[in-house]
Amino acid sequence: GNRAAPPWGLLHYRAHLSGLLFPYAIPGPIDFSRFAQTEWEAWSFLGLVPIVVLLILSGRLVCGLVRRNRSLMRATDDPWMNVMLLASIALTIYACGVPLAMLPRSTACYIGPLAQIRAMGRLPWLLYYVIGVVTFYLLYRWYKKSPRGWRLAAMVLALGLSIWQVVAYNARNNIRYTHQWAEWVDYDNLLPQNQWVREHDWCHYQSNLT
């Protein structure tokens, strides 16, 4: 049949700031999961350390605009990295529904290929990776210039927060560190549930996806 111009899910699975900025499982008096009642497509928590870096860079940007100081407006000394960061932020703003969510639904019929981007909540994944790279880069540059005591403290703090965040998330969601499916490590297909791989006649197929 004919496919509709704006597929279902264009604005239903968009990103949300709660899915980007709030952790889902950090021990403490505040249940941060209450702030992340978003569709699973929008679960792209940036991480505690990258969020701190992002807030610092945002403050520098505001100061740079107020003082008209271009050096403060640059996130890093690498032009390509700055462009990628700005592009990922712009894409994240669009993924949050700005400006599509503010316009009539019929607008989706007039935006061409953009209407085919179903589940916009996945678009902030670019920011997730870019801000991670920027954070590592800035920490490394700061590490090279700072006194030894400060360098060690910052690295231990950053690593500790990251591990704490992962452990807390896994504990809250009952996620195992090792899988429990034996067929996944049955590389020779000896288990009964994997016998079909050995018995199947693959000559009738040009390629196979597993």
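The values are calculated or read from the model by the stated rules, or taken from the named source; none is laboratory data. All of these numbers come straight from a predicted model, not from anything done at the bench. Cβ coordinates were reconstructed from backbone atoms using ideal geometry, including for glycine residues, and neighbour counts include every protein chain displayed. With ligands, DNA and RNA removed, areas are computed over all heavy atoms of the protein, side chains included. Shrake-Rupley method; radii C 1.70, N 1.55, O 1.52, S 1.80 Å.
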What does the accessible area per residue of segment 81-181 come to in Å², with a 1.4 Å probe and no ligands, DNA or RNA counted? 69
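Determine Rg/Rh for segment 92-135; Rg is computed over alpha-carbon atoms and Rh is the Kirkwood hydrodynamic estimate from the same atoms. If you can, show how the numbers build up before the last one.
Numbers: Rg = 12.7 Å, Rh = 11.7 Å.
Value, to two decimals: 1.09.
Suppose the chain between Trp181 and Glu39 were pulled fully straight at 0.36 nm per residue; how much longer would it get relative to their current alpha carbon spacing?
Details: separation 142, 0.36 × 142 = 51.12 nm, distance 2.73 nm.
Result for the pair: 48.4 nm of gain on full extension.
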How many nm is it between the label spots at His12 and Trp125, if each spot is 7 Å from the Cα in line with the beta carbon? 2.0
Modelling each spin label as a point 7 Å along the Cα-to-Cβ direction, I'd like the Val197/Leu157 distance in nm, to one decimal. 4.7
Residues in segment 89-111 reached by a label modelled at Leu65 [backbone nitrogen below 14 Å; 7 Å Cα→Cβ]: 90
Highest mean first, what order results for 140-146, 16-22 on Cβ atoms within 10 Å? 16-22, 140-146
